[in-house]
Amino acid sequence: MRVLQLEINGDAREVAAHDHWTLLEVLRYSLGLVGSKQGCDKGDCGSCTVLFDGKPVLSCLTLAASAVGHQVTTIEGLAPKPTGTLQPVLDPVQVAFNDCGALQCGFCQPGMMLSARALLNTNAEPSREEIHQALSGNLCRCTGYTQIVQAVETAVARIAQGDGASASNDGAAGHSPPDGGVPA
Amino acid sequence: MSARDQHGLAAPHGEFQIIGKPQRKIDGAAKATGSALYTDDLTLPGMLHAKTLRSPHPHARIVSIDTSAAQALPGVHGVITGKDLPTPYGVIPWTPDETALAVDKVRFIGDEVAAVAAVDEDTALRALELIQVEYEVLHSYQDPKEALERDEPTIHQNKRGDNVSKRVKLDFGEVDQAFETSPVVIKGDYSFHGSTHAAIEPHCALAQVDGDGLLTLWSATQITHYVHRALSSVLDLAPHRIRVIQPAIGGAFGGKSDPFSLEFCVAKLAQITGRPVKMLWTREEVFYAHRGRHPMEMQYSLAANEDGKIQGVDARILIDGGSYSSFGLVTTYYSGQLLTGPYDFPTYRFDSTRVFTNKPPCGPKRGHGSVQPRFAFEVQLDELAEKLSIDPIELRRRNSLGPQTKTVNGQRITSCGFDECLLQVEEASDWKNKRQSLGSGKGVGVAGSMYITGTNYPIYPNEMPQAGIQIKVDRSGVVTVFSGANDIGQGSSSMVAYVVAEELGLTLDMLRVVAADTDLCPVDLGAYSSRVTFMVGNAAIDASRKLRKLVVGSLAKHWDVEERRVRLVKGEALDLEDPERHMTMAEAFQIAEVEHDTLGATGSYNTPTLGGDYRGGSIGASPAYSFSAHVVEVEVDEETGRIDVQEVWCAHDCGKALNPILVSGQIEGSVYMGIAEALYEHHQTNRFGLHSGPSLLDYPLATTLDTPEIKSLIVESNDPEGPYGAKEAGEGPLHSAIPALSNAIFDAVGIRLRHLPFTPDVVLRALREKRANDNQAPSPGSDA
Ligand code: FES
Ligand code: FES
């Protein structure tokens, strides 16, 4: 057992954890951040993906202690901090995934969206090939990846237009980037 | 309105506002933000964690079990074995051959033997090691042919004293005569390997018993209602003392449509310990739980005229069932009953036998029981086209059954867009310019298929509705819909919201859907057999129209106008002839509430009487059938045997796309899953019965880099009985992807792959044989 000072989604958190606990265990069991999913606990599926300083890591293969000194982002921290307006603001990746139908069962998607965000952090105009590469560590069993890739491309196009964070909740959706996405 | 009435295709208020247009899912934002709660995300105060002890032998008698050391371990609160839950169950009531924990025998490596609840998983795992089990090892069956021939020992007891799980032999028309008189006969052996669902969320269940003894089970299940019934029977607890809830679920594909051991174990352990108990299976355990695609060995014979018209089909199928029945009775029927479209053939016979083996039990995986025969038959059709030098699309067109017809086994076909599916893939893929002309190592292949949209066989015989909906109206304008249906990611709860919003003129943000909670929702039978959109959609229309009638009637009185002038649209009620006169739906509901008291409505759906007039004729009888056609384009590397699927076009007749985004998602997911299982996946055990690799590394799922470009093409045939014309989209579009792939490989390099999977070693061997044959007697094309 050791006490760890972690920085999770911008919050300083102090947790006691067994030496052998993974970051995924600490997130899910100690901090109640259950958005990070456990699909295999062996490093094979990517559903536990979180970001260390903006780069994707598999939290099921990462000892909790090695998260010390990194800025950890989980799905709960992907959306920007609320600005005081009452309208929820999401990351353009989240909005595009929702608009494009990428969220079927949704279980792989916290990891998938974080991998997509990590890609966009370093590459504002990824090619389809680069998107495939960046997401190749995240298994999805529902979508056949098509709408996921469309979602990333939609997010890229909307960000380029300075848009994409609006999460209007009228239900209408679509994936013709960038602004034709939400039909009247 | 009776549940069996047809609701028609038209929008309730002129133009569709929501139906047929791209919409977000109602749980989309929750899934985008990570706030959707899945079973393993739930924690209750004082919760214990449970683990399962599993058999190390494929077939053995249990001589004794000693749990005393495990019981004595500090931190352990409960240990159970088979004698604590001895009542057998099975999803099909005629074949209850499972118990939650093995009672006297284990039947595969991984079979459940004991369960422990402890303060944490580590303690539970230590306790498992302290359980002493003495086994008497029995002969194990790994080969279905041996299980067919050998009776001693039997895996299960049956009256015949053999290892046959189910045999179905049916014939329609003069099959032998058709084969004697037809000028062209093709015979072949085909086989389909095992594959599994591998939903990314492992199975998980959590149980709690409250101070009144009421048991609540949260489970990652796609059949809440059947789990409810099974729990009641196995725990010997009245059903009204049990509540089953399905939280958000991380994929299912048929892999969560049996009652599973862990559901009974956590319930029993919660009863024993008085504490909430959760069990989460490891990825390895999910591979043992399986219920995936049955391996099948299939002999097909096809008789035809010179013009390609099919005259007869004769099939013999050996089905490897694994160790328990699961849905096996239905699987055995489906292996023959679902082949009889989209083509018209006058005579047909099938003889299917499912045997038990000492392997993880097989069950329903996306396209239950019919993906395998579809593969064999569609490859054989390609062989017919080759033999007669007919374009394979043209051959299929010539045999197409068409709408408003009856299949050879007596199934009623209403809407049928198969011809349109063929046309769309032909055009979109540029088939005419590509076939036989893509150059070395490249080719295209086609295949077609048909699938059920629900079935009129409700698993346990009863006359009650198969789907129910209940609607509650709040004065604020919020409408809450209670739906028994299991949303397994396909979006059934969203579908219900779209329908009710359309009918009542609401915007989607006014809708709440409460689903798959047996205390709160009317019964729905579950998410299987592609039944939900059709049945629950119709039930939702039924309930909504009853409610709309009340509201429209009250407003007409209130405004003193005829009812036809009242329109509910986009959250408002309007008078069509007086633009000044309108109000919010909240106000409209309040006016109706004054007249009718508290507002609400129920609706339901039941299938009409369907099916052939013979034993088993109702199995595979569906109120509507979906149709698909695929064209696959491949490149085969003749040096390495690697198959690169470049692009897949799938046209699918879903009747009407209630939300085209979700339909495309189902088509794409189906195509991905079919191509991946054909190329990469193999669920198998070695000769000792040991699983060959129960991990997502050894059982490789296709990644973004392995998945082809998929073009989904939606065909709308407007089914007369579907909700606004809709049929299924979740399973049909998998079927013909696999034979189209095999047929494309033939077009590319001239090898006929009749046995799955198409791994590089198989491809290389076939290419070698072809070269050897070509050298002996040069001729185009050869056989693998
Ligand atoms: S749970 Fe971490 S990779 Fe699967
Ligand atoms: S959405 Fe279900 S696994 Fe990806």
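The values are calculated or read from the model by the stated rules, or taken from the named source; none is laboratory data. Remember, predicted model here, so these are calculated numbers, not experimental data. Cβ placement follows ideal geometry from the backbone for every residue including glycine, while neighbour counts extend to all protein chains displayed. Ligands, DNA and RNA are stripped out before the accessible areas are found, and what is left, the full protein with its side chains, is counted by its heavy atoms. Shrake-Rupley method; radii C 1.70, N 1.55, O 1.52, S 1.80 Å.
Observations
- Selection within region A:13-50 - within 18 Å of A:ALA79 (Cα to Cα) and more than 14 Å from ligand 1 (Cβ to nearest atom): A:GLY32, A:LEU33
Quick grid of which residues meet (1) more than 16 Å from ligand 1 (Cβ to nearest atom); (2) in contact with a helix residue (DSSP H, G or I) (Cβ under 7 Å, 6 or more places away or on another chain); (3) more than 30 Å from B:GLN177 (Cα to Cα); (4) modelled with pLDDT of 95 or more:
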{"residue": "B:GLY251", "(1), (2), (3), (4)": "no, no, yes, yes"}
{"residue": "B:HIS294", "(1), (2), (3), (4)": "yes, yes, yes, yes"}
{"residue": "B:MET298", "(1), (2), (3), (4)": "yes, yes, no, yes"}
{"residue": "B:GLY322", "(1), (2), (3), (4)": "yes, no, yes, yes"}
{"residue": "B:SER325", "(1), (2), (3), (4)": "yes, no, yes, yes"}
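- All positions within region B:666-686 that are of a type outside the set (Val, Ile, Thr), open to solvent by 10 Å² or more (accessible area, probe 1.4 Å) and over 24 Å from A:LEU103 (Cβ atoms): B:LEU679, B:TYR680, B:HIS682, B:HIS683, B:GLN684, B:ASN686
- Subset of region B:207-245 [in a loop (DSSP other than H, G, I, E, B) and farther than 26 Å from B:GLN466 by Cβ]: B:ASP210, B:GLY211, B:ASP212, B:GLY213, B:LEU214, B:ASP236
- In region A:10-32, the residues that are open to solvent by 30 Å² or more (accessible area, probe 1.4 Å) and closer than 22 Å to A:GLY137 by Cβ: A:GLU25
- Residues that are at positive phi and buried (at least 24 other Cβ atoms within 10 Å of the Cβ) within region B:459-495 comprise B:GLY489, B:GLY491, listed in sequence order.
- Exclusive hit being open to solvent by less than 30 Å² (accessible area, probe 1.4 Å), in contact (Cβ under 8 Å) with a residue 40 or more places away in the chain and part of a strand (DSSP E or B), set B:ILE714, B:ILE710: B:ILE710
- Among the residues of region A:73-106, those identified as touching a residue at least 24 places away in the same chain (Cβ under 8 Å) and within 16 Å of ligand 2 (Cβ to nearest atom) are A:ILE75, A:VAL93, A:GLN94, A:ALA96, A:PHE97, A:ASN98, A:ASP99, A:CYS100, A:GLY101, A:ALA102, A:GLN104, A:CYS105.
- Restricting region B:653-693 to residues that are in contact with a Lys or Arg (Cβ under 7 Å, 6 or more places away or on another chain) and assigned to a loop (DSSP other than H, G, I, E, B), the residue that is nearest to the other protein chains (Cβ to nearest Cβ) is B:CYS654.
- Filter result for A:LEU135 (within 21 Å of B:GLY34 (Cβ to Cβ) and more than 10 Å from every other protein chain (Cβ to nearest Cβ)): no
- Among residues of region B:328-355, those that are open to solvent by 10 Å² or more (accessible area, probe 1.4 Å) and of a type in the set (Phe, Trp, Tyr), counted: 1
- Filtered residue count, region B:729-748, keeping only those that are hydrophobic (A, V, I, L, M, F, W, C) and either open to solvent by 10 Å² or more (accessible area, probe 1.4 Å) or without any contact (Cβ under 8 Å) to a residue 12 or more places away in the chain (or both): 3
- For region A:71-90, a residue qualifies if it is more than 9 Å from the chain's Cα centre (by Cα) and not aliphatic (A, V, I, L, M), and the qualifying residues are A:GLN71, A:PRO80, A:LYS81, A:PRO82, A:THR83, A:GLY84, A:THR85, A:GLN87, A:PRO88.
- Condition check for B:ASN456: part of a helix (DSSP H, G or I) and either charged (D, E, K, R) or open to solvent by 10 Å² or more (accessible area, probe 1.4 Å) (or both): no
- For region A:33-72, the set of residues classified as more than 16 Å from ligand 2 (Cβ to nearest atom), among the polar types (S, T, N, Q) and open to solvent by less than 50 Å² (accessible area, probe 1.4 Å) consists of A:SER59, A:THR62, listed by residue number.
- The listed residue being out of contact with any helix residue (DSSP H, G or I) (no Cβ under 6 Å at 6 or more places or on another chain) and at pLDDT 95 or above, out of B:THR87, B:THR67: B:THR67
- Selection count, region B:1-27, where residues are at pLDDT 90 or above and either surrounded by 17 or more Cβ atoms within 10 Å (Cβ to Cβ) or within 12 Å of chain A (Cβ to nearest Cβ) (or both): 11
- Comparison of A:GLN104, A:GLN147 shows that the only residue that is assigned to a loop (DSSP other than H, G, I, E, B) and at pLDDT 95 or above is A:GLN104.
- Any hit, region B:669-678, residues being within 18 Å of the chain's Cα centre (by Cα), of a type in the set (Ser, Thr, Tyr) and over 24 Å from B:PRO295 (Cα atoms): no
- Residues considered: B:PRO239, B:PRO259, B:PRO202, B:PRO183. Of these, the only one that is within 21 Å of B:LEU37 (Cα to Cα) and not aliphatic (A, V, I, L, M) is B:PRO202.
- Among the residues of region A:52-72, those that are more than 16 Å from ligand 1 (Cβ to nearest atom) and either within 12 Å of chain B (Cβ to nearest Cβ) or in contact (Cβ under 8 Å) with a residue 40 or more places away in the chain (or both) comprise A:GLY54, A:ALA65, A:VAL68, A:HIS70, A:GLN71.
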